[in-house]
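Q: Below you will find the structure I want to go over with you.
Any read-out appearing in this document is the output of simple, stated calculations on the displayed coordinates, not a laboratory observation. Every value quoted in this text rests on a predicted model; they were computed, and no experiment measured them. Neighbour counts are summed over all protein chains in view; Cβ atoms, including those assigned to glycine, are modelled from backbone coordinates with ideal geometry.
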Amino acid sequence: MSKLSYERPFIQKLNTGSMNKFGTKTEFAPVTHLDGIRVSKLIEDYGSPCFVISERQIRKNVQNANRAFKTRYPKIQFAWSYKTNYLSAVCNVFHQEGSWAEVVSIYEYKKALLNGVEGNKIIFNGPDKTEEDLALAVENNSLIHIDHFDELYSLVGLLDGTGKKARVAIRVNMDTGIYPMWDRFGFNYENGQAWNAIIKILSHKELELVGLHSHIGTFMLSTSAYATAAYKLCDLATNVKLKTGKPIQYLDLGGGFASTNTLKGSYLQGADIVPTIDDYAEVITSAILNSNFAQDELPTIILESGRALIDDAAWLIGSVVATKRLSDDRRATIMDFGVNLLFNAFWYDYKISPAQEFTHHTEDMVIYGPLCMNIDCIRESINLPLLNKGDQVVVHKVGAYNMTQWMQFIQMRPKIVMIDMEGKSHILRENESLDTMMELERMPEHLKNI
């Protein structure tokens, strides 16, 4: 028997804290490094606040999602949801991992083209497509997901007499047992509107019906709803085959998969109640495999998952501006970032960690941003160690929608940084300045002098 190698002992400081509602001690650990880089160094180099994105975590998430679906079903294609985070560097990580582009505006569409995505690998969703937008999509052989009859008629009129054809799908909304129902977008399954749209498309030689699409909601905690959606799409697809003899090429189940963030009002933490990517994959693939498709005519499954693949791949780092006592004696901690940067703070109870060693004393407190409006509240109640002016913090799982829904209000938007696979940091977006903010303004001659 060989002698075991020596391993030095590892000692970790424990902060006992106060009792929580489950009767156990509350423990905190400082988050001093992100992907191997010290938080204080990131703030020194890039300023406070600053968004930090992990390339490593994005790739890990995409690879895990591909594994979950491809081990259960032979034909899978992911399409990155640009609206979730359309920083070009972020999009290109997904594209390098094999994802197509899913866009909902001409801005996102053109950005996908600039990122090098081939036109036939762009899915054009959304209710607002002008004739110019549709013409560009047709020219690039993109997949056009028709949202309403007005769009259908515009597309037919655009193609009439040109000899060109468009590859199209329809978005289908349906009752999946989740309420309120998302029936604002697409054609309804239950009242026959979806089949009516299909019949109209089939009657026009300019349109080639290649797919069916549904997006049943956002942050979906029920996997069974996806089984219902898949079943109803399969029903439409098999009826198309019976009528035309041609199989539907793909079923797009959209996105809506939940990240492990904790929703406001949730009794349990998000990680305890959110389905895994394997849970979503199991119900979707099982529903389609158990439908009436012939084995050699199984459609491709397209997934447009956004937040589940990016939320945990980004952090917001920032600093304490001040602390104070409110009129009811609650402790308030004011940060240098607010809901202008963390729009999803209205829906999530974000995890916040100190970025340095701290006192063992903890207290329930309110976390405010620096904006001059009363709703600028990041956490209404959170138990944290006592933070002081200048202390640094890390807000976890902020990758989805915050960097697309952020706003310039009172403060200018900060830098966004990515840490690559080698542990090196890169600026993805510069911070705004007075010059960049004034660039689009124009001053009438009669107002130049005061």
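Q: In whole Hz, with x marking every Gly and Pro, tabulate ³J(HN,Hα) for region 390-400 from phi via Karplus 6.51 cos²θ - 1.76 cosθ + 1.60, θ = phi - 60°.
A: Once rounded to whole Hz, the list reads x, 5, 10, 9, 10, 9, 9, 6, 10, x, 9.
Q: Might you report the magnitude of the Cβ-based charge dipole of the chain about its Cα centre, with Lys and Arg at +1 and Asp and Glu at -1, to the nearest 20 debye?
A: Working: 46 positive and 53 negative charges, 184 e Å.
Computed charge dipole of the chain: roughly 880 debye.
Q: Send over the per residue convex hull volume for region 125-305, Cα only, as a whole number of Å³.
A: Convex hull of Cα atoms, per residue: 126 Å³.
Q: Have a look at THR285, THR276, THR162 and tell me which one the Gaussian network model of the chain (Cα, springs below 10 Å) gives the largest fluctuation.
A: THR162
Q: Output the relative contact order of the chain, whole-number percent, from Cα pairs under 8 angstrom with separation of 6+ residues.
A: 18
Q: If the limit is 21 Å between Cα atoms, which of LYS70/LYS110; LYS70/LYS243; LYS41/LYS415; LYS121/LYS241 go over it?
A: Working: LYS70/LYS110 30 Å; LYS70/LYS243 30 Å; LYS41/LYS415 14 Å; LYS121/LYS241 24 Å.
Exceeds cut-off: LYS70/LYS110; LYS70/LYS243; LYS121/LYS241.
Q: Can you tell which of ILE178, THR223, LEU143 lies farthest toward the positive end of the dipole of the chain, using +1 and -1 charges on the Cβ of basic and acidic side chains (Lys, Arg; Asp, Glu)?
A: Projecting each Cα onto the dipole axis, the largest value belongs to THR223.
Q: Another question, if that's okay. Treat each spin label as a single point 7 Å out from the Cα along the C-beta direction, and report the VAL321 to LYS165 distance in nm.
A: Taking the simple label geometry, VAL321 and LYS165 are separated by 5.9 nm.
Q: Cross-link candidates for LYS205: which aspartates and glutamates have Cα within less than 16 Å, leaving aside residues fewer than 8 places away along the same chain?
A: ASP160
Q: Starting at the first residue of region 246-253, write each ³J(HN,Hα) from the Karplus equation 6.51 cos²θ - 1.76 cosθ + 1.60 with θ = phi - 60°, in whole Hz, x for Gly and Pro.
A: Values per residue, Gly and Pro as x: 10, x, 6, 7, 8, 10, 9, 8 Hz.
Q: Turning to a different aspect of this structure: In deg cm²/dmol, rounded to 500, what helix-only [θ] at 222 nm does the chain give when every DSSP H run of at least 4 residues adds -39500 (n - 2.57) and the total is split over its residues?
A: Mean residue ellipticity, 222 nm, calculated: -8000 deg cm²/dmol.
Q: Taking the mean number of other Cβ atoms within 10 Å as a proxy for protection, how do you rank 118-131, 359-372 from highest to lowest?
A: Values: 118-131: 18.4, 359-372: 16.5.
Ranked from most to least packed, the peptides come out as 118-131, 359-372.
Q: Working from the pairwise distances between different alpha carbons, so that the mean of 1/r is found and then inverted, what is the chain's Kirkwood radius in Å?
A: Hydrodynamic radius (Kirkwood, Cα only) of the chain equals 24.4 Å.
Q: Could you give the alpha-carbon Rg of region 267-340 over 2.2 N^0.38 Å, rounded to two decimals?
A: On the way: Rg = 22.5 Å, N = 74, 2.2 N^0.38 = 11.3 Å.
Here the Cα radius of gyration is 1.99 times the empirical estimate.
Q: On a C-alpha basis, how far is the centre of region 114-151 from the centre of region 360-400 in Å? Whole number, if you could?
A: Each part's Cα centre sits 42 Å from the other's.
Q: Which aspartates and glutamates does LYS111 reach when only Cα atoms under 12 Å apart count, and residues fewer than 8 places away in its own chain are ignored?
A: GLU102
Q: How far, in nm, would the chain grow between ARG67 and PHE346 when pulled straight, counting 0.36 nm per residue and subtracting the alpha carbon separation?
A: Numbers: separation 279, 0.36 × 279 = 100.44 nm, distance 3.29 nm.
Separation in residues times 0.36 nm, less the Cα-Cα distance, equals 97.2 nm.
Q: Using a Gaussian network model of the chain whose springs link C-alpha atoms within less than 10 Å, name the residue from ARG429, ARG59, ARG325 with the highest mean-square fluctuation.
A: ARG325
Q: Provide the descending list of Cα extents for region 66-183 along its principal axes, expressed in whole angstroms.
A: Largest to smallest, the principal-axis extents are 45, 39, 28 Å.
Q: List, in order, the whole-Hz ³J(HN,Hα) value for each residue of region 350-361 obtained from phi through the Karplus relation with A = 6.51, B = -1.76, C = 1.60 and θ = phi - 60°; use x for Gly and Pro.
A: 5, 6, 10, 10, x, 9, 8, 4, 8, 5, 7, 6
Q: Using the structure shown, select from LYS264/LYS389; LYS83/LYS351; LYS75/LYS165; LYS129/LYS165 the pairs with a Cα to Cα distance greater than 29 angstrom.
A: The pairs that break the limit, which is 29 Å between Cα atoms, do not exist here.
Q: Quickly work out the LYS41-to-MET407 label distance, labels modelled 7 Å from Cα along the C-beta direction, and quote it in nm with one decimal.
A: Modelled inter-label distance: 3.7 nm.
Q: Using modelled amide H (1.01 Å from N, peptide plane; none on Pro or chain starts), what sits under 5 Å from the amide H of TYR348, excluding residues fewer than 5 places away?
A: For TYR348, the qualifying residues are LYS264.
Q: What nm value, rounded to one decimal, do you get for the distance between LEU114 and LEU447 when each label is placed 7 Å out toward the C-beta?
A: Roughly 2.8 nm, to one decimal.
Q: Please list, ordered by chain and number, the residues whose modelled amide H lies under 5 Å from the amide H of LYS397; skip anything fewer than 5 residues away on the same chain.
A: When sequence neighbours closer than 5 places are left aside, the close amide H contacts are ALA314.
Q: Can you list the residues, at least 5 places off or on another chain, whose amide H is less than 5 Å from the amide H of HIS215, using H built in the peptide plane?
A: VAL172
Q: Could you check what % of the DSSP bridge pairs in the chain are antiparallel, to the nearest 5?
A: 45
Q: Excluding same-chain residues fewer than 8 positions from LYS324, which aspartates and glutamates have a Cα within less than 19 Å of its Cα?
A: The qualifying aspartates and glutamates are ASP336, GLU363, ASP364, ASP376, GLU380, ASP391.
Q: How high is the FRET efficiency from ASP235 to GLU380, r the C-beta distance, R0 56 Å, rounded to 0.05?
A: Computed FRET efficiency for ASP235 and GLU380 comes out at 0.80.
Q: Sorting check: for 232-239, 433-440, which peptide has the highest mean count of neighbouring beta carbons within 10 Å, and how do the rest follow?
A: 232-239, 433-440
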